[in-house]
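Read through the structure below, which is laid out as structure tokens, and then see the notes.
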Amino acid sequence: MAHSDDILARAADGDRISDDEALHLYTEAPFHALAEAANHARQRIIGDNIVTYIIDRNINYTNVCTTACKFCAFYRAPKHSEGWTHDNAEVLRRCGEAVDLGATQVMLQGGHHPDFGVEYYEELFSTVKEHYPELVIHSIGPSEIDHMSRVSDIAVDEVIRRIKAAGLDSVAGAGAEMLPERPRTAIAPLKESGRRWLEIMEVAHNHGLRSTATMMMGTGETAAERIEHLSLIRDVQDRTGGFRSFIPWTYQPENNHLKGRTQATALEYLRLLAVARLYFHNIVHLQSSWLTVGKAAGQLSLHLGVDDLGSIMLEENVISSAGARNQSKLGELVNLIRTGDRIPAQRNTTYERLAVHWTPEDDPSDERVRSHYSTIVADLQQV
Ligand code: SF4
């Protein structure tokens, strides 16, 4: 095994490192050297100091689920008195609120309802598209696709063709949890296998539906299993190029059947981000989850290879009074990026930058900064 410094230098320059080398970096590399190499890789890949975020809304259509993952506090078993399903009119109402608050994307997510086959999702997506064609539907994951295939008794390939035709624009990386067999079976014994999750994602990519890839860490998996998770994703990416970003997050140990298990520490999370940046020479974007690891770790992650802080996630229950609240949440996120010594920018689903929050402190010789300010001055003169 090469010394950490050699591996870090090669990875920072874009060389492909092996699984053993990634594990070595994760467990052995000095923290500052790891951070510096990951930051170097981010700079090489992204090319500037901009950190993006997206305004979107997570809309849950049902909490009824037959899969009973042990880590999940959200679901209720069929016939449970607290089970609910929102009809399409309610989903549309929430989409409308999201659009009014500046959202560009919706994440429609829910449980594996025993009655919801492909027909239900076709109706859901086409209804949203008909009323809000401007909203990007970045929703569901391989688990839901697998579920539809079983309920409707049709092949995954056909399910994907139909839901894409109905309006699904992008597949969320949901349901990846931990992909290696041992930790996955321990936390989600009824969910499809990690191999199946990857196979379905590959079919979606081959249909032109791109996606994100996620990872939930902190439910008792080993360091080697975390690296194996990265490896399984990189293999698919080699073949399809369909993953836009990698998004690890930490398991939240409240109100579920895994209560008491150790959550990943902030340091473990930050090290994983840095190793992911160095390992994924073939995935462009890396997102940290400031909503689950907290603002301080989220801000620090911007110096460990992260170029995206994800969503301000318009909230479910407070949405009616959310105008001010979400604005302040947006301000908080922008400030987090700015005080983290990065330049904030709103993006869309495909990471196109919609608005960069330049300030006069940014490089004044940069034409983009100058034109941003001249636009603002022109706007003010028209008032
Ligand atoms: S499939 Fe999703 S909603 Fe159902 S129990 Fe698992 S995580 Fe929860």
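Please specify each residue of the range 33-68 satisfying the condition of being buried (at least 22 other Cβ atoms within 10 Å of the Cβ) and within 16 Å of the ligand (Cβ to nearest atom). Once the filter is applied, which keeps residues that are buried (at least 22 other Cβ atoms within 10 Å of the Cβ) and within 16 Å of the ligand (Cβ to nearest atom), the range 33-68 yields I59, Y61, V64, C65. Close contacts from the range 99-119, counting a first residue that is more than 22 Å from S211 (Cα to Cα) and within 13 Å of the ligand (Cβ to nearest atom) and a second that is open to solvent by 30 Å² or more (accessible area, probe 1.4 Å) and aromatic (F, W, Y), with Cβ to Cβ under 8 Å and a gap of 6+ residues or different chains, come to H113/Y120.
Among helices (runs of 4 or more DSSP H) entirely within the range 107-207, having at least 1 residues that are under 16 Å from A68 (Cα atoms) singles out 142-152, 181-187. Within the range 176-184, does at least one residue satisfy the condition of being free of Cβ contacts under 8 Å to residues at least 40 places away in the same chain and buried (at least 16 other Cβ atoms within 10 Å of the Cβ)? Checking the range 176-184: at least one residue is free of Cβ contacts under 8 Å to residues at least 40 places away in the same chain and buried (at least 16 other Cβ atoms within 10 Å of the Cβ). If the condition is being within 16 Å of the ligand (Cβ to nearest atom) and basic (K, R), then the range 143-172 contributes only R150.
Looking only at residues of the range 89-98 that are of a type outside the set (A, V, I, L, M, F, W, C) and crowded, with 16+ Cβ neighbours inside 10 Å, we find that the one that is farthest from the ligand (Cβ to nearest atom) is E97. Considering only the range 173-185, state which residues are modelled with pLDDT of 95 or more, on the phi < 0 side of the Ramachandran plot and within 14 Å of the ligand (Cβ to nearest atom). A176, M178, R184, T185 - these are the residues of the range 173-185 that are modelled with pLDDT of 95 or more, on the phi < 0 side of the Ramachandran plot and within 14 Å of the ligand (Cβ to nearest atom). Among helices (runs of 4 or more DSSP H) entirely within the range 269-344, having at least 2 residues that are at pLDDT 90 or above and surrounded by fewer than 24 Cβ atoms within 10 Å (Cβ to Cβ) singles out 295-301, 322-339. Here is the figure for the range 208-235: residues that are crowded, with 21+ Cβ neighbours inside 10 Å, part of a loop (DSSP other than H, G, I, E, B) and away from the ligand (no atom under 16 Å from the Cβ) total 1.
The values are calculated or read from the model by the stated rules, or taken from the named source; none is laboratory data. Predicted model only: the values in this text are computed from it and were never measured. We place every Cβ from the backbone using ideal geometry, glycine too, and count neighbours over all the protein chains shown. These accessible areas exclude ligands, DNA and RNA; they are computed on the full protein's heavy atoms, side chains included. Shrake-Rupley method; radii C 1.70, N 1.55, O 1.52, S 1.80 Å.
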